[in-house]
Amino acid sequence: QVQLVESGGGLVQAGGSLRLSCSASGVMFRLNDMGWYRQAPGKQRELVAVITRGYSTNYADSVKGRFTISRDDAKNTVYLQMNSLKPEDTAVYYCNARYRDVYWGQGTQVTVSS
């Protein structure tokens, strides 16, 4: 059974930092492209960052220069380091694994206060 479990969300003031983690089980982690998505209230889910199994990365324009995605294949974990957080970063953040199938975590809430 595939499980993606996010952690690290919380409440932070604008300008602060958070580090999200997503631990995967039941998948061949090293073969998967891993991503972080977010969904704010009343908005569609959007891509935040992705890291391929070859360690290539891509970011949404809104987070470039502030967020960094990384992965540790030995720990089956993908990370999202979020710096210089803004109130508009407030959302539920979801981990995504993509290979032959697509899997989602349950999400973790990030709230940035002004």
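Brief remarks follow.
- Of all lysines in the structure, the ones whose alpha carbon falls short of 23 Å from that of K43, not counting any fewer than 8 places away in one chain, are K64, K86.
- Each Cα pair under 8 Å and six or more residues apart adds its separation to the average, and for segment 1-74 the resulting relative contact order is 21 percent.
- Scalar couplings 3J(HN,Hα) for segment 48-63, obtained by applying the Karplus form with A = 6.51, B = -1.76, C = 1.60 to θ = phi - 60°, are 9, 7, 9, 10, 7, 5, x, 6, 6, 10, 8, 10, 5, 4, 5, 10 Hz; x denotes Gly and Pro.
- Cα-based equivalent ellipsoid, the chain: semi-axes from gyration tensor eigenvalues, Å: 23, 14, 12
- Derived scalar couplings between HN and Hα for segment 74-85 equal 5, 9, 6, 9, 10, 10, 9, 8, 10, 10, 6, 5 Hz in order, rounded to whole Hz, by the Karplus curve 6.51 cos²θ - 1.76 cosθ + 1.60 (θ = phi - 60°), x for Gly and Pro.
- Protein heavy-atom surface of the chain, 1.4 angstrom probe: 45% of the accessible area is carbon and sulfur, with nucleic acids and ligands not counted.
- Centroid-to-centroid separation of segment 19-43 and segment 51-114 [C-alpha atoms, Å]: 7
- At a probe radius of 1.4 angstrom, the accessible area of segment 1-98 per residue rounds to 51 square angstrom.
- From phi via Karplus (6.51, -1.76, 1.60), per-residue ³J(HN,Hα) for segment 101-114 in Hz, x at Gly/Pro: 10, 10, 10, 10, x, 8, x, 9, 7, 10, 10, 10, 8, 8
- Rounded FRET efficiency, nearest 0.05, which uses the C-beta distance separating T68 from R98 and R0 of 25 Å: 0.80
- Taking 18 Å as the cut-off, the amide N atoms of segment 61-90 that come nearer than this to a point 7 Å along the Cα-to-beta-carbon line of L11 belong to 85-90.
The values are calculated or read from the model by the stated rules, or taken from the named source; none is laboratory data. This one's a predicted model, so the numbers in the text were calculated from it and none came from an experiment. Cβ atoms come from the backbone with ideal geometry, glycine included; neighbour counts cover every protein chain shown. Keep in mind that these areas ignore ligands, DNA and RNA; they rest on the heavy atoms of the full protein, side chains included. Shrake-Rupley method; radii C 1.70, N 1.55, O 1.52, S 1.80 Å.
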